[in-house]
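K.L.:
Please read through the structure below; I'll follow up with questions.
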Amino acid sequence: LLREREAVEYRSALARQIVELQELIRAVDNLVTLCAPPEARRARHGERFDLAAEIGLRLRGEEERARRANVALVRLLPPSLSLRGDRESLMLALRNLVANALDWSPAGGRVEVRIGSDERGVHIQVDDQGPGVPEAERTRIFLPFERGPARPDGRVGYGLGLALVRTVVELHQGTVRVTTSPLGGASFRLEIPHPPGEALRE
């Protein structure tokens, strides 16, 4: 604003600010969820919802970001998948994983979001073509405020996203792990068990 600029410069600056604001919003959401008393989180734990439908609705912001970054965000989903749990925290955890995958994906890369279920429970997997996570860091990255190296764009995260993912998964008595993806980058897999007796009824 201190000097005349071309419209394309303004658009570029605003696009960068939108990304920063989205990251700040996600950081605040993560903090609120992490700091909520356990009884408040458990109160929302019994809701049943369609995970596939929610993903279709909730990843639109990430899809737009992927488009701007020239990264293919591919959803490999069944027509529907019923899940009982805390809808808001689970979707925040998934968006954190997708945002993380986009952060580390090169232009022209691919990010895959895949969900499914078996007799044990529901699994959610996010794969990317980034640099991956070294084995020595695969436990540490889930600690609160653990900040890794700078991303390709030079930004450093807040160290909250993956800590929130672990907190949400543990709330649901599940597990989260990171391995090497068949795409060449990182593969994050969340496994959420069925409540006792529910898999048999279904």
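K.L.:
I'm trying to understand the selection: among the residues of segment 178-193, which are open to solvent by 10 Å² or more (accessible area, probe 1.4 Å) and within 19 Å of Leu51 (Cβ to Cβ)?
P.N.:
Arg189, Glu191, Pro193 - these are the residues of segment 178-193 that are open to solvent by 10 Å² or more (accessible area, probe 1.4 Å) and within 19 Å of Leu51 (Cβ to Cβ).
K.L.:
Just to be sure I understand the filter: pairs with C-beta atoms under 7 Å, separated by 6 or more residues or on different chains, first member in segment 56-80 and without any contact (Cβ under 8 Å) to a residue 24 or more places away in the chain, second member open to solvent by less than 70 Å² (accessible area, probe 1.4 Å). Which pairs pass?
P.N.:
Every condition considered, the pairs that remain are Glu63/Leu73.
K.L.:
Would segment 89-100 turn up any residue that is over 15 Å from Thr175 (Cα atoms), in a helix (DSSP H, G or I), among the hydrophobic types (A, V, I, L, M, F, W, C) and touching a Ser or Thr at 6+ places or on another chain (Cβ under 9 Å)?
P.N.:
yes
K.L.:
I would also like to ask the following. Hey, Val74 hits all of (1) modelled with pLDDT of 95 or more; (2) open to solvent by less than 20 Å² (accessible area, probe 1.4 Å) but one; which does it fall short on?
P.N.:
Of everything listed in (1) modelled with pLDDT of 95 or more; (2) open to solvent by less than 20 Å² (accessible area, probe 1.4 Å), Val74 misses just condition (2).
K.L.:
Residues of segment 119-135 being open to solvent by less than 50 Å² (accessible area, probe 1.4 Å) and over 18 Å from Leu162 (Cα atoms), which ones?
P.N.:
Residues of segment 119-135 open to solvent by less than 50 Å² (accessible area, probe 1.4 Å): 121-128, 130, 132-133.
Of everything in segment 119-135, those that are open to solvent by less than 50 Å² (accessible area, probe 1.4 Å) and over 18 Å from Leu162 (Cα atoms) turn out to be Gly121, Val122.
K.L.:
Return only the number of the condition from (1) within 21 Å of Arg166 (Cβ to Cβ); (2) open to solvent by 70 Å² or more (accessible area, probe 1.4 Å); (3) touching a helix residue (DSSP H, G or I) at 6+ places or on another chain (Cβ under 9 Å); (4) at pLDDT 75 or above that Arg5 does not satisfy.
P.N.:
Checking Arg5 against (1) within 21 Å of Arg166 (Cβ to Cβ); (2) open to solvent by 70 Å² or more (accessible area, probe 1.4 Å); (3) touching a helix residue (DSSP H, G or I) at 6+ places or on another chain (Cβ under 9 Å); (4) at pLDDT 75 or above, the one that fails is (1).
K.L.:
Against the condition among the hydrophobic types (A, V, I, L, M, F, W, C), at positive phi and out of contact with any Asp or Glu (no Cβ under 6 Å at 6 or more places or on another chain), how does Phe145 come out, does it pass? Spell out the reasoning first.
P.N.:
Values: among the hydrophobic types (A, V, I, L, M, F, W, C): yes; at positive phi: yes; out of contact with any Asp or Glu (no Cβ under 6 Å at 6 or more places or on another chain): yes.
Answer is yes for this residue.
K.L.:
Checking Ala15 against (1) open to solvent by 100 Å² or more (accessible area, probe 1.4 Å); (2) at pLDDT 75 or above; (3) under 24 Å from Arg58 (Cβ atoms), which single condition isn't satisfied?
P.N.:
(1)
Here's the yes/no breakdown for (1) buried (at least 21 other Cβ atoms within 10 Å of the Cβ); (2) at pLDDT 95 or above:
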| residue | (1), (2) |
| --- | --- |
| Gly56 | no, no |
| Ala69 | no, no |
| Ser82 | no, no |
| Ser89 | yes, no |
| Ala93 | yes, no |
| Leu97 | yes, yes |
| Asp103 | no, no |
| Gly108 | no, yes |
| Val113 | no, yes |
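K.L.:
Would you pick out the residues in segment 164-185 that are of a type in the set (A, V, I, L, M, F, W, C) and not in a strand (DSSP E or B)? I'd like the intermediate steps shown before the answer.
P.N.:
Step one: list which residues in segment 164-185 are of a type in the set (A, V, I, L, M, F, W, C), which gives 164-165, 168-169, 171, 176, 178, 183.
Once the filter is applied, which keeps residues that are of a type in the set (A, V, I, L, M, F, W, C) and not in a strand (DSSP E or B), segment 164-185 yields Leu164, Val165, Val168, Val169, Leu171, Leu183.
The values are calculated or read from the model by the stated rules, or taken from the named source; none is laboratory data. Keep in mind it's a predicted model, so treat the numbers as computed, not measured. Note that each Cβ is placed from the backbone with ideal geometry, even for glycine, and that neighbours are counted across all protein chains shown. SASA here: full protein model, heavy atoms, side chains in, ligands and nucleic acids out. Shrake-Rupley method; radii C 1.70, N 1.55, O 1.52, S 1.80 Å.
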